[in-house]
Amino acid sequence: MSCKQRKDSRILKNASWIAKNELNPHADWQVQIKNSITTAEALSEYLDINQSALEKTIRKYPMRITPYYLSLILEHGMPLFRQAVPDTKELLDHSHTEDPFREIPFSPVPNLIHRYPDRVVLLVTNACATYCRHCMRKRMVGYTNPKPLDMAVAFPMEKAVQYIQEHPAVSDVILSGGDPLLIETRQMATLIKKINVIDHVNTIRIHTRIPATLPQRITDNLIDALTADKPIYMNIHFNHPLEITDDARKACKKLADAGIPLGSQTVLLKGVNDSRYTLKQLFKDLLAIRVKPYYLHHPDPVKGTGHFRPSVKKGLKIMKALRGHISGMSLPHYMIDLPGGGGKVPLVPDYIKSIGDNHLIVENYKGDVFLYPDGQ
């Protein structure tokens, strides 16, 4: 199917919603968070949904959709609908676990994960602008007792920062969550400053979906908060070319112009982007806005997300179909994250057909076979 997938008219109920000022998709980011769609009743004003079924799912896994992202759903339909609107299939997934990567056992202090020797992940908040239905941290994102979060709450970072200070092997600090860019600007500035002064930290990374779901958050004040002597890299989660709007382009331009290198960590999602045509367009469009396709993640085996998971065989087939038909700069690494804390592993199509004493038999992207002389 082409990346220009048609919207399903059955989900469209009210296209005049933009007339309601409180749901302006171009409003200030804090106004959008305040007026996000979080209940089945509110969403039913705009989409043709089974309200009782949605309510049942939301009780288990919270929902939030920004006015901006709702406008994209109303305009484009299913590829974006599936990512943001709860589905009762989330409640029927009994074959996966809530924490397949054992993040909790790898958390020596609150809100910090230390799985690899030289890097740590800080869970800055458990709030996001829009709650993705395929989230790897579905067990924790969006919750505060007893109600879903209205605004982002920054988790305490004192013990996490102290842990980094006391572990000189840690050179790479990753800010994640939830979405770290959703905390208050001054809180982000303070956290960046605390990490920046730790001598053995060389790089700071930020993992976010904000440019895709709430690009209005990328303000001049936020850019100022992301200023540090240490290099700051940002990995953005774009999953479909329809998410690359004029607003998203402006947000990425602002970040890139500020000297922040941008990458994308796309998730391969069944019924959303599991097509070579969709991904080809996405990766080309990303490179055009100065976002390097970095990872294509195979969906994690997280409870409540099984309906998003295509086979690895299909993923490899897509990657092989892209090779040679898209610039190498546009081609990400296809990755799986091994259960039990085994870590990330790249997967590649099998181009080497056989290895002899002094040569290899190799197949190219067209399927032609070549003899390649090997070294000694």
### Query
For the range 224-239, how many residues are touching a strand residue (DSSP E or B) at 6+ places or on another chain (Cβ under 9 Å) and either within 15 Å of Tyr68 (Cβ to Cβ) or at pLDDT 95 or above (or both)?
11
### Query
Does the range 94-106 contain at least one residue that is under 27 Å from Pro301 (Cβ atoms), in contact (Cβ under 8 Å) with a residue 24 or more places away in the chain, surrounded by 19 or more Cβ atoms within 10 Å (Cβ to Cβ) and among the hydrophobic types (A, V, I, L, M, F, W, C)?
yes
### Task
Restrict the check to the range 60-68 and report whether at least one residue is assigned to a helix (DSSP H, G or I), surrounded by fewer than 20 Cβ atoms within 10 Å (Cβ to Cβ) and not assigned by TED's automatic domain parsing to the domain that holds Leu181.
yes
### Task
Test each condition in (1) exposed (fewer than 12 other Cβ atoms within 10 Å of the Cβ); (2) at pLDDT 55 or above for Ala19 and report the one that comes out false.
(2)
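Table: residues versus (1) out of contact with any strand residue (DSSP E or B) (no Cβ under 7 Å at 6 or more places or on another chain); (2) assigned to a loop (DSSP other than H, G, I, E, B); (3) among the charged types (D, E, K, R); (4) free of Cβ contacts under 8 Å to residues at least 40 places away in the same chain.
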| residue | (1), (2), (3), (4) |
| --- | --- |
| Met335 | no, no, no, no |
| Gly340 | yes, yes, no, no |
| Val345 | no, no, no, yes |
| Asp350 | yes, yes, yes, yes |
| Ile361 | no, no, no, yes |
| Tyr372 | no, no, no, yes |
### Task
Any chance you could count how many residues in the range 204-214 are out of contact with any Phe, Trp or Tyr (no Cβ under 7 Å at 6 or more places or on another chain) and outside any loop (DSSP other than H, G, I, E, B)?
6
### Task
Could you list, in sequence order, all residues of the range 156-203 that are among the hydrophobic types (A, V, I, L, M, F, W, C) and either on the phi > 0 side of the Ramachandran plot or assigned to a helix (DSSP H, G or I) (or both)?
Ala160, Val161, Ile164, Leu181, Leu182, Met188, Ala189, Leu191, Ile192, Ile195
### Query
Failed condition for Thr57, given (1) polar (S, T, N, Q); (2) within 25 Å of Phe238 (Cα to Cα); (3) surrounded by fewer than 20 Cβ atoms within 10 Å (Cβ to Cβ), with all others met?
(3)
### Task
Return yes when Gly304 is farther than 30 Å from Pro231 by Cα, assigned to a loop (DSSP other than H, G, I, E, B) and small (Gly, Ala, Ser) and no when it is not.
yes
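The values are calculated or read from the model by the stated rules, or taken from the named source; none is laboratory data. This is a predicted model, so every value here is computed, not measured. Because the Cβ atoms are built from the backbone with ideal geometry, glycine has one as well, and the counts that use them run over all protein chains shown.
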